[in-house]
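*Asks:* Before I ask anything, let me first share the structure, which is written out below as structure tokens.
The values are calculated or read from the model by the stated rules, or taken from the named source; none is laboratory data. Quick caveat, the model's predicted, so the values are computed rather than measured. Cβ placement follows ideal geometry from the backbone for every residue including glycine, while neighbour counts extend to all protein chains displayed.
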Ligand SMILES: Nc1ncnc2c1ncn2[C@@H]1O[C@H](COP(=O)(O)OP(=O)(O)O)[C@@H](O)[C@H]1O
Ligand SMILES: [Mg+2]
């Protein structure tokens, strides 16, 4: 992780319906290589913010740059979309081809890669998400976790700097979730990709470098998981609950068995209990 | 569920050829096949298709599979021609049915032509994704676009629809099962009530299809797809 800020959003405001803003002045900084989790209840504007990162909706007010590209610069929208890839919630609604390899090659082709180069990067991307040799398979025959990894490969094939995942695990089973998390982690380690993961899964958020809390179209808090995810008041004001580990620790403290700041991950809990 | 459209992932000159050229090729090829008359031209056409088949690296199993699917149809074509073609001396006759040698020949020729065209079609779908077909259609429709016909939108709509066919079919089957559980089977009831059941099925499927199309179009844009390649950005488009 470096100090370079790859995403800089200042006061981003968006109203789908005039007079009823979904985003009202959201600000967010993300450093290159960072893993940021965005949490917030339904309707708090997370998806709308993500769409801005990809220039899928026009910037109405505020400023937003991704890797130095101004999202309001219509001439560079295409460039921005290559630099910032998106994995969506429903795996089945993001495939353009039912053949895995074809789907993964879609992005590179759109971004001007030759046929041969598109195929090559597609195969590489499939291997890097743990699906080598899947290029001929039918996407509809895969498990949810495999489908989301195909979607991730489709994004990786365009070699993005930033990967945004919008509730990408909410429709798949726990095993699929773990597979996707591992593949994203590998993309981060091997490619230095910056990860922005929108999620309702507090256990997943606990593994981020930083947690950003959104409420009613604004970023209301951000910080290390150890700080944000243990702040019950903050979380409940945003319609959220702390991770199970934090709640368990709270109960242990209340009964006088434990004391001190709560751990946020199972590993943290275990090491505290064993020390 | 097998791949819709039957694309076979492989790398061959046919896979790499532009879809528009392949579409034109299919039309020209079909016209040539229809011009086949005698055994020599038929043999030439067979050799040509066989060579294309090898070049395509698709595998004969996939190319010939549609013929197996239409075997009864082919048989009927041969039989009808053989029995009803009544110009010459019959080999054998039974009431109005007269088996003649030219009839058999004619039946076999028509069946052979049908087979050749079907194999050419299979070659197109096996080497061209629906997405590329859509692109090819768009290329070919370009002259129409100049006259103001919205060919882009039409081609995109075709692509999206083709893509969702397997998912929608599966969803309809699930809904059908759910409705059967709730209010009895689809079969063996009054025709009106059955019609009502189908409408009840269609509405949610349609709503799903619209939502899917919306999400897919967004996912495609996110991955750099541009409806209008001349314009740099689609960012101005609002969110509907
Ligand atoms: N295309 C749209 N048109 C109108 N309103 C929308 C549209 N998309 C989202 N909204 C509204 O914006 C609000 C916030 O949506 P969203 O950004 O998806 O929040 P989140 O992802 O945090 O659940 C919701 O109340 C939703 O109804
Ligand atoms: Mg959302």
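*Asks:* Considering only residues that are in contact with a helix residue (DSSP H, G or I) (Cβ under 9 Å, 6 or more places away or on another chain) and within 8 Å of ligand 1 (Cβ to nearest atom), look in the range A:36-53 and name the one that is farthest from residue A:87 (Cα to Cα).
*Replies:* Looking at residues that are in contact with a helix residue (DSSP H, G or I) (Cβ under 9 Å, 6 or more places away or on another chain) and within 8 Å of ligand 1 (Cβ to nearest atom), I get A:40.
*Asks:* If you don't mind, there's one more thing I want to ask. What number goes with the only condition from (1) without any contact (Cβ under 8 Å) to a residue 40 or more places away in the chain; (2) within 12 Å of the chain's Cα centre (by Cα) that residue A:275 does not pass?
*Replies:* The failed condition is (2).
*Asks:* Counting only residues that are within 16 Å of ligand 1 (Cβ to nearest atom), give me the helices (runs of 4 or more DSSP H) lying completely in the range A:184-273 with at least 1 of them.
*Replies:* Filter on the range A:184-273 gives A:202-205, A:232-237.
*Asks:* Something else about it: So, residue A:171, is that one within 16 Å of ligand 2 (Cβ to nearest atom) and at negative phi or not?
*Replies:* yes
*Asks:* Here are the criteria: (1) surrounded by 16 or more Cβ atoms within 10 Å (Cβ to Cβ); (2) over 22 Å from residue A:30 (Cβ atoms). Tell me which single one residue A:201 does not satisfy.
*Replies:* (2)
*Asks:* So which strands (runs of 3 or more DSSP E) are wholly in the range A:22-92 and hold at least 3 residues that are farther than 15 Å from residue A:8 by Cβ and within 13 Å of ligand 2 (Cβ to nearest atom)?
*Replies:* In the range A:22-92, there are no strands (runs of 3 or more DSSP E) which contain 3 or more residues that are farther than 15 Å from residue A:8 by Cβ and within 13 Å of ligand 2 (Cβ to nearest atom).
*Asks:* Sticking with this one: Would you please name the residue that is surrounded by the fewest Cβ atoms within 10 Å (Cβ to Cβ), looking only at residues in the range A:119-134 that are part of a helix (DSSP H, G or I), within 11 Å of chain B (Cβ to nearest Cβ) and touching a residue at least 12 places away in the same chain (Cβ under 8 Å)?
*Replies:* That would be A:123.
*Asks:* Considering only residues of the range A:10-21 that are within 14 Å of another protein chain (Cβ to nearest Cβ) and assigned to a loop (DSSP other than H, G, I, E, B), which is farthest from ligand 1 (Cβ to nearest atom)?
*Replies:* Once the filter is applied, the top-ranked residue is A:18.
Condition check ((1) out of contact with any helix residue (DSSP H, G or I) (no Cβ under 7 Å at 6 or more places or on another chain); (2) within 16 Å of ligand 2 (Cβ to nearest atom); (3) within 11 Å of another protein chain (Cβ to nearest Cβ); (4) in contact (Cβ under 8 Å) with a residue 40 or more places away in the chain) across all residues:
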position: A:136; (1), (2), (3), (4): no, no, yes, no
position: A:152; (1), (2), (3), (4): no, no, no, yes
position: A:158; (1), (2), (3), (4): no, no, yes, yes
position: A:194; (1), (2), (3), (4): yes, no, no, yes
position: A:209; (1), (2), (3), (4): yes, no, no, yes
position: A:217; (1), (2), (3), (4): yes, yes, no, yes
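*Asks:* A further question on this structure: Would you mention how many residues in the range B:118-167 are part of a helix (DSSP H, G or I), within 14 Å of chain A (Cβ to nearest Cβ) and at pLDDT 70 or above?
*Replies:* Number satisfying all stated conditions: 8.
*Asks:* For the range A:54-70, which positions are within 16 Å of ligand 1 (Cβ to nearest atom), under 20 Å from the mean Cα position of the chain (by Cα) and within 16 Å of residue B:222 (Cα to Cα)?
*Replies:* Scanning the range A:54-70 gives A:54, A:55, A:56, A:57.
*Asks:* Just a yes or no: is a residue in the range A:94-116 part of a loop (DSSP other than H, G, I, E, B), under 21 Å from the mean Cα position of the chain (by Cα), more than 7 Å from every other protein chain (Cβ to nearest Cβ) and surrounded by fewer than 19 Cβ atoms within 10 Å (Cβ to Cβ)?
*Replies:* No, because not a single residue in the range A:94-116 is part of a loop (DSSP other than H, G, I, E, B), under 21 Å from the mean Cα position of the chain (by Cα), more than 7 Å from every other protein chain (Cβ to nearest Cβ) and surrounded by fewer than 19 Cβ atoms within 10 Å (Cβ to Cβ).
*Asks:* Within the range A:163-180, which residues are in contact with a strand residue (DSSP E or B) (Cβ under 9 Å, 6 or more places away or on another chain), more than 12 Å from chain B (Cβ to nearest Cβ) and away from ligand 1 (no atom under 16 Å from the Cβ)?
*Replies:* Residue satisfying the conditions is A:180 alone.
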